[in-house]
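Presented below is the structure to which this report refers.
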Number of protein chains: 2
Amino acid sequence: MSTIANASAPRLRADALRNRERILVAARESFCLHGVDAPLDEIARRAGVGNATLYRHFPDRKSLLLHVLLYVNQRIIDLVEKSLVEESDPFEALRGLVLSGVRERVGGLSPLLATEVDHEDPLLKASKRRMHEVTEQLIQRAHASGQLRRDVGPGDLMIAIVRLTLPLPGSACGGSDDLAMRHLEIFLDGLRTPARSELPGPPRTLGDLKDEFC
Amino acid sequence: MSTIANASAPRLRADALRNRERILVAARESFCLHGVDAPLDEIARRAGVGNATLYRHFPDRKSLLLHVLLYVNQRIIDLVEKSLVEESDPFEALRGLVLSGVRERVGGLSPLLATEVDHEDPLLKASKRRMHEVTEQLIQRAHASGQLRRDVGPGDLMIAIVRLTLPLPGSACGGSDDLAMRHLEIFLDGLRTPARSELPGPPRTLGDLKDEFC
DNA sequence: AAATAACCGGGGACGCCGTCTCCGTTTGAA
DNA sequence: TTCAAACGGAGACGGCGTCCCCGGTTATTT
């Protein structure tokens, strides 16, 4: 399933593998809903699994966090790669990224990166590097086509996606996808050429994001 | 200072009044930074005040929360009212609201409304009503001038302001004001006539926000 | 189908942290 | 100067999240 394979996995038993997947999904939902401090026991409960099982798979919160991030990142990368080859209109490809950002709850999950995850972890670094590559490509193509205003960079788009898809505290995770999409559509309109205003500050690159985002 | 006066205040001593103000400001910062669960003792410490003093002024977290919201709401209302009389260009008035939203950390504070505050509190209700009135006026004038696209409502603007000024978890409160302003500027460009796309769903009114926002 | 090893799950001990109060001390008001 | 109001630090209390233990269960292997 994941292109970045966990190399030396000692062959998990069938039910163990299934539980591992369940835990990852449950953790994603819980973290998205209750933040990074979501009780691990509740994640286990949501996964339909004993808490001991969770701790067996992921020794501590840090480890669980890392693997949730890897899991999610990979899904987004897959979507963007697909968009790069299948969508001929660069600006539509941009919209594709935005749409998948909404679907994958990027906003809810991205804050996890700002916490105690190990940014030196080789798997995470590789995942982030790949994410950077594909989004850069997306932006470059949109620029080249003349549809995207020149004074914005990849960092601007990524941050905006995160912000506009953040689950508003108090509302269910992804309970207002249509609203988010509405506002992202307005934002996209603002990104089109010709530019209607002068923006303060320089275009943001992905380097400006400094470990805080995908 | 506040137009909605706390009626039967039994005359606070000078230092008590000063401390009350300090606590409100510190609470605003802390809530903005660490969410609604920010430790009250830390708020007291940040205010340079003993914890007992905090509990003397505000018996419980709920009370503190309420008064922080009233405090902040009032400041925003004042700014918008000023903008309504002083700014002749309606779209510039809109930008004024956005700008003050950034300055007043609306994004960081608005989530507080989604928690255990009493939405039946008469002071809060009055404050919210007034906030609705002035923002409605702002939007109507922008619509009337023909500068604001017809398929957006006040609710769209308010939610976008909240979202785009949300403090990104892990970064200091208001540490990226310029970035937020940049993206709000792009969003404003998307709001201008003529509309560059068809938006999904109906224009959002303030009623659609249902207690979740100012 | 039986044996074995891996895996599961719930209960509960431990420790941390936030809440709130007590009381001796300080400070503003008259 | 006098008094009441306000202050602040320290600490008891309680809740909750983390993590381990161990008896039971399920998948694999021959």
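Scanning the stretch B:35-57 for residues that are modelled with pLDDT under 95 and in contact with a helix residue (DSSP H, G or I) (Cβ under 8 Å, 6 or more places away or on another chain) yields B:GLY35, B:VAL36, B:ALA38. Listed here are the helices (runs of 4 or more DSSP H) enclosed by the stretch B:109-208 that have at least 2 residues being exposed (fewer than 15 other Cβ atoms within 10 Å of the Cβ) and away from every other protein chain (no Cβ under 11 Å): B:122-144.
Against the conditions (1) more than 16 Å from B:SER30 (Cβ to Cβ); (2) in contact (Cβ under 8 Å) with a residue 24 or more places away in the chain, B:LEU54 satisfies every one except (1). So in the stretch A:67-95, with the set limited to residues that are over 22 Å from A:CYS32 (Cα atoms) and among the acidic types (Asp, Glu), which one is farthest from DNA strand D (Cβ to nearest atom)? Only one residue tops the list, namely A:ASP89. Pairs linking a residue in the stretch B:92-103 that is assigned by TED's automatic domain parsing to the domain that holds B:LEU184 to a residue that is crowded, with 19+ Cβ neighbours inside 10 Å and polar (S, T, N, Q), with Cβ atoms under 6 Å and 6 or more positions apart or on different chains, are B:ALA93/B:SER83; B:GLY96/B:SER83; B:GLY101/B:THR165; B:VAL102/B:THR165.
Considered as a group, the residues in the stretch A:31-47 that are assigned to a helix (DSSP H, G or I), more than 10 Å from DNA strand D (Cβ to nearest atom) and free of Cβ contacts under 8 Å to residues at least 60 places away in the same chain include one that is surrounded by the fewest Cβ atoms within 10 Å (Cβ to Cβ), and that residue is A:ARG45.
Criterion applied to B:LEU12, B:LEU64 was being free of Cβ contacts under 8 Å to residues at least 12 places away in the same chain, within 16 Å of DNA strand D (Cβ to nearest atom) and either surrounded by fewer than 20 Cβ atoms within 10 Å (Cβ to Cβ) or part of a helix (DSSP H, G or I) (or both), and the one residue passing it is B:LEU12.
Which one is farthest from DNA strand C (Cβ to nearest atom), of the residues in the stretch B:48-58 that are part of a loop (DSSP other than H, G, I, E, B) and farther than 18 Å from B:LEU113 by Cβ? Checking each candidate, the answer is B:GLY48. B:TYR55 meets the conditions (1) among the hydroxyl-bearing types (Ser, Thr, Tyr); (2) surrounded by 15 or more Cβ atoms within 10 Å (Cβ to Cβ); (3) away from DNA strand D (no atom under 12 Å from the Cβ) in every case but one. The failed one is (3). The test for being within 13 Å of DNA strand C (Cβ to nearest atom), of a type outside the set (Ser, Thr, Tyr) and within 14 Å of another protein chain (Cβ to nearest Cβ) holds for B:HIS34. Within the stretch B:111-119, identify whether any single residue is among the charged types (D, E, K, R), in contact (Cβ under 8 Å) with a residue 24 or more places away in the chain and in contact with a Ser or Thr (Cβ under 9 Å, 6 or more places away or on another chain), and answer yes or no. So far as the stretch B:111-119 goes, no, none of its residues is among the charged types (D, E, K, R), in contact (Cβ under 8 Å) with a residue 24 or more places away in the chain and in contact with a Ser or Thr (Cβ under 9 Å, 6 or more places away or on another chain).
The values are calculated or read from the model by the stated rules, or taken from the named source; none is laboratory data. Please read all numbers here as calculations on a predicted model, not as lab measurements. Positions of Cβ are backbone-derived with ideal geometry, glycine not excepted, and every protein chain shown enters the neighbour counts.
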